[in-house]
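**Q** Supplied in structure tokens, the structure appears directly below.
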Amino acid sequence: MRALAIAAAVMGCITLAGAPVATVHAAESPSVLEGRLILLDPGHQLGNSNPRFAGKLGQTKFNGTTVKGCNTTGTATNAGYPEATFAWEVARVLRRMLEDEGARVALTRSSNSYDAWGPCVWDRAKQANRIGADAMISIHADGSSAGNRGFFVLVPGLVKGWTEDVVKPGRRLGTSMLRGLDSAGATPSNYIAGQTMVSTNTTGLNFSNVPTVTVELGNMRNRADARLMSTPEGRKAYARGLLEGLRDYFSRG
Ligand SMILES: [Zn+2]
């Protein structure tokens, strides 16, 4: 199964409805992802915009530097394709790719539904800590002005008593994700210097005790990025970039 998936990726084949491409492939060495426990964190949840859950979303917590909220609705393309759905769909494609390489994968939410909310960002990070994930990847897209495009990462900055354990591995993981997305042909951000924001007030990063990064895959308000995000082929390309990033990270660690 792994050989088939890799062959399909190399050939740039699109498989319909998950049907594997039947390709003979030479023997290969085990993937660096074999046995790794990866927590994928698709940002937001569709129901975060459901007024029924306003009270839940209104919870706040101190994150080491700032008192912030549980979660937000996220952004959307101009055509109304929500970030929550984009993140969910990329995560599902990526999960399959990772499992094909022998990784164990957990998700921070089990649905993408207007009838569900959260979980809160601190609980997503606590899940990573509880299961002892080897890495946690938060998948997001930005809602910036129309001329801005491309991917960037948020990595944990130093917050005393909170992030000493994750600053270095988080920075390394962020660099690997940039390399992976670049190698998959995604467009680097034209508005974030070095495609890296060092953040001391991102709750999920601060609560995490495992290597973690937030990846903004593109700007949903940019026409070129939105077009890619809105197609299965585009989402598969983003997922492949994240897969390459994880391969890069674990091949160096
Ligand atoms: Zn987001």
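The values are calculated or read from the model by the stated rules, or taken from the named source; none is laboratory data. These numbers were taken from a predicted model, which means no experiment stands behind them. Here the Cβ is made from the backbone with ideal geometry for all residues, glycine too, and neighbour counts use every protein chain on show.
**Q** Filter the helices (runs of 4 or more DSSP H) completely within the stretch 155-234 down to those with at least 1 residues that are touching a Pro at 6+ places or on another chain (Cβ under 9 Å) and not charged (D, E, K, R).
**A** Values: elements: 167-183, 203-207, 223-229.
Filter on the stretch 155-234 gives 167-183, 203-207.
**Q** Something else now. Do we find that residue 219 is modelled with pLDDT of 95 or more and over 15 Å from the mean Cα position of the chain (by Cα) in this structure? Show your work before the answer.
**A** Working: modelled with pLDDT of 95 or more: yes; over 15 Å from the mean Cα position of the chain (by Cα): no.
When the stated conditions are applied, residue 219 does not pass them.
**Q** For the stretch 61-76, what are the residues that are on the phi > 0 side of the Ramachandran plot and away from the ligand (no atom under 16 Å from the Cβ)?
**A** Of everything in the stretch 61-76, just one residue is on the phi > 0 side of the Ramachandran plot and away from the ligand (no atom under 16 Å from the Cβ), namely 64.
This table checks each residue for (1) within 19 Å of residue 216 (Cα to Cα); (2) within 16 Å of the ligand (Cβ to nearest atom); (3) surrounded by fewer than 20 Cβ atoms within 10 Å (Cβ to Cβ); (4) not assigned by TED's automatic domain parsing to the domain that holds residue 71.
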site	(1), (2), (3), (4)
128	no, no, no, no
132	no, no, yes, no
139	yes, yes, no, no
147	yes, no, yes, no
153	yes, yes, no, no
156	yes, no, no, no
167	yes, no, yes, no
179	yes, no, yes, no
186	yes, no, no, no
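**Q** Only one residue in 115, 123 is without any contact (Cβ under 8 Å) to a residue 24 or more places away in the chain and within 23 Å of residue 59 (Cα to Cα). Which one?
**A** Numbers: 115 fails: without any contact (Cβ under 8 Å) to a residue 24 or more places away in the chain.
Within the list 115, 123, the selection yields 123.
**Q** In this structure, is residue 197 of a type in the set (A, V, I, L, M, F, W, C), within 16 Å of the ligand (Cβ to nearest atom), out of contact with any Lys or Arg (no Cβ under 8 Å at 6 or more places or on another chain) and farther than 17 Å from residue 246 by Cα? Write out each step before concluding.
**A** Working: of a type in the set (A, V, I, L, M, F, W, C): yes; within 16 Å of the ligand (Cβ to nearest atom): yes; out of contact with any Lys or Arg (no Cβ under 8 Å at 6 or more places or on another chain): yes; farther than 17 Å from residue 246 by Cα: yes.
The answer is yes for residue 197.
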